[in-house]
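The values are calculated or read from the model by the stated rules, or taken from the named source; none is laboratory data. Please read these numbers as outputs of a predicted model, since none were measured by experiment. Cβ placement follows ideal geometry from the backbone for every residue including glycine, while neighbour counts extend to all protein chains displayed.
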């Protein structure tokens, strides 16, 4: 046995059975390790070398062989090489063990056939190999202990809260500054007073823009009547707070008839909306008279349902209507 290698050789001469020639066939097994003294968890290279005559047929050992307490981590098969009439092939196992003491790799069995025509295999084994496994602890009274968990740094939630608030404040100031900068660049005031126009004024304005468009000249009646329907429906939403843009014509008329609205105005609206639906969905082509009537019906409905705004009476006018005796009593 060498310093880093344990070598065991066995030479078996097998005479051929009946029906075969009396020529001898040679097979030899060599088992070795790269070192026979290790510590727990170290990996050892266990090499099995098989030399045999070319006439022998040898079964290759697989990765699931029994190596005792050792665990196989890797497995490699070398290519067979023939030298001086002898075929040599190596099988390498990388093994490890996780305990201390003296361990034995048991004899390694290899099956072979005396010839290609033989059906019954014969077995040849190597000798066992001993390996000493030492502990990684040097002191005799030392013992393994669990690794201490990492220390947890306490979280300063108050600090993170103030940092978050400061970040939000900086972002808000940056957004306000950018908004102000954009307003100044465009020459716009920072705060703009927006005048809310009555619903009927916006409807009449949109209707006027539609009539002055080039849609009637081009014969784009589907687009024309779609915009006309949207104008009157938008007016109904702003005037009566009904989701007219989402309702069908029948649903819208049912909701309007529940209100205190002039029936003639509702008939005018219903006729205009029915023509709009006919052009939009049935590809109906109206003539000039029908277009004029639809626009007038929409105008009539808006005029009949528009809100009337009255100026507030001045205080002097109110006081002038108070009887003279009543004014004297209030003065007293």
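Between a residue in region 268-284 that is in contact (Cβ under 8 Å) with a residue 24 or more places away in the chain and in the same structural domain as residue 229 (by TED's automatic domain parsing) and any residue that is surrounded by fewer than 14 Cβ atoms within 10 Å (Cβ to Cβ) and not in a helix (DSSP H, G or I), which pairs come within a Cβ distance under 9 Å, given they are 6 or more apart or on different chains?
Listed by first residue and then by second, the contacts come to 277/248; 279/285.
Which of the residues belonging to region 285-299 are free of Cβ contacts under 8 Å to residues at least 60 places away in the same chain and not in a helix (DSSP H, G or I)?
Of everything in region 285-299, just one residue is free of Cβ contacts under 8 Å to residues at least 60 places away in the same chain and not in a helix (DSSP H, G or I), namely 287.
Under 8 Å between Cβ atoms, at least 6 apart or on separate chains: pull out the pairs that start in region 62-81 with a residue that is more than 22 Å from residue 131 (Cα to Cα) and end on any residue that is part of a loop (DSSP other than H, G, I, E, B).
Matching pairs, first to second residue: 77/60.
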